[in-house]
Amino acid sequence: MTIDEVMKCIKDEGISQVDLKTTDIWGRWRHVTLASTYFSEKTFTEGVGFDASNLGYGNVVQSDLLMIPDSSTAFIEEREGQRLLSMICDVYSVDNGKPSPLDPRGILRKAVSSISDVAENVMLAPEYEFHVFNSVAFNLAPNEVFYGVDGEEGFWNEGVTGEYIIGKKGGYHQVTPFDTLATLRGAIVERLMSLGVPVKYHHHEVGTCQVEIELDFCDALKAADYTMLIKYVARNVAKRMGYVVSFMPKPLYDEAGNGMHVHQYLVKNSVNIFSGQELFGLSSTALSYIAGVLTHGKSLMAFTNPTTNSYRRLTPGFEAPTTAVFGLGNRTAAVRIPAYVKDPSKVRIEFRTIDATTNPYLGFAAMVLAGVDGIRRGLDPVSLGYGPVEDSAEGRGEQLATSLSEACDALLKDNGYLSGVFPEALIERWTQKKLQEEREVNRVPNALEFKLYFDV
């Protein structure tokens, strides 16, 4: 919508409240709701003030920033009988009225504009894997550390809830009645499609209680906006239907984890410049992009895999990439070239390391900048030893980061490819926070430690 269309929609649809959403530094949506009588055309220039210290932008003595709604993101949502008009916001400084250099959405926009010498557009198609449970409980106390989840199709319920149970790691593309989550996925997808989100397909994934929704290609900013919207819609639809969803990379021990594989290619002069006559139908540009992503792999993971749980997924034996290699149709490689793509205009690469705990604006921006750095430097992934790998990639190349602290340490040493787009203050704040999170996690005893050591 344009600004005029937004104002007309509020009037014509009888909207009484306007919901403004923005993304905090760590990748969560925050919102403030305005009575429509306090919302006008001026809001698109003057914005709405908020305490940015609570969103990771700074401290309490330098905390005033502005939310400026982006009218093109407007959509109507219903919340327990209320009809609201929602918009995603950019973050601006109150001092000079310019975009905040720490705004994740602004950083992605700046990243795309900074590569204009190489490409005019970045096309992304993320895949969203997540778990669906009927219940979840967890607690952390000095005398009690536990979590528990349950789902009607969980293999642990075989013989309890009925005969139609998906076995362990046996869920891929299962049909009903084994696929008990088809109706929920359908409801989520229907809502997303009504909002204009380009859903390609959905299906049951490998793991018990695990599903996937995949998008068609769209530009990088829309892909990041849609990532936030999909998580929002999935959680709210699931709650209404009596479920709870989790995008955690590894919510279940010894089961398939949740990635957010991102298919991607670059466009220049309206042409897919990843298509060519080199290896696997790729161009030399695409190969250099792959080399850039893999060269900066460990550093990149500080943004694309920013939780301690991310590294519980990245373990051998679960189709999760653990080494910096690429291959044709190889789902164990960090970068996969889809073998089924034959149309030159649709040639792409797939980065499989990333997961949905990423702040999508920062994760996508860092990923693209890493790849373009490879293009500008003319890197060759073959001569650098990154492949191609035809069989299992495990142990076949340089090890990717195995922990959040290793990724953060790599980022502090290797961040030149982010220069001019990612402020140094953000990198410093990000690594400090993430290293603190890992220290906190490492301080807490877990169930396996009790099993191993309680009676030593």
Using only the alpha-carbon atoms, what does the chain span along each of its principal axes? Please give whole angstrom values in decreasing order.
61, 57, 47
Can you work out the PRE-style zone for K42? Point 7 Å along Cα to Cβ, and I want the residues of region 96-119 with backbone N under 19 Å.
96-98
Length gain on complete extension for the stretch L384 to T2, per 0.36 nm per residue less the alpha carbon to alpha carbon distance?
132.7 nm
Quick one: if you stick a label point 7 Å off each Cα along the C-beta vector at N236 and F138, how many nm between them?
2.4
HN-Hα J in Hz across region 65-74 - Karplus 6.51, -1.76, 1.60, θ = phi - 60°, x for Gly and Pro
9, 10, 8, 10, x, 9, 4, 5, 9, 5
Taking every other residue with Cβ under 13 Å from the Cβ of F280 and scoring Lys and Arg +1, Asp and Glu -1, one gets 0
Could you bin all the Cα-Cα distances of region 289-350 into 10 Å bins starting at 0 and give me the percent of pairs in each, rounded to whole numbers?
21, 47, 26, 5
Those residues of region 144-179 whose amide nitrogen sits under 19 Å from the label point placed on R443, 7 Å along Cα→Cβ:
144-146
Using θ = phi - 60° and the Karplus curve 6.51 cos²θ - 1.76 cosθ + 1.60, what whole-Hz ³J(HN,Hα) does each residue of region 249-263 get, with Gly and Pro shown as x?
x, 9, x, 10, 5, 6, 10, 4, x, 9, x, 9, 4, 10, 6
How large is the Kirkwood hydrodynamic radius of region 3-100, counting all unique pairs of alpha carbons, in Å?
13.9
Using modelled amide H (1.01 Å from N, peptide plane; none on Pro or chain starts), what sits under 5 Å from the amide H of T323, excluding residues fewer than 5 places away?
A334, L400
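The numbers here are math on the coordinates, done by the rules we state, and not lab data. Nothing here was measured: the structure is a model prediction, and the numbers come from that model. Using ideal geometry, Cβ is built from the backbone for each residue, glycine included, and neighbour counts are taken over all protein chains shown.
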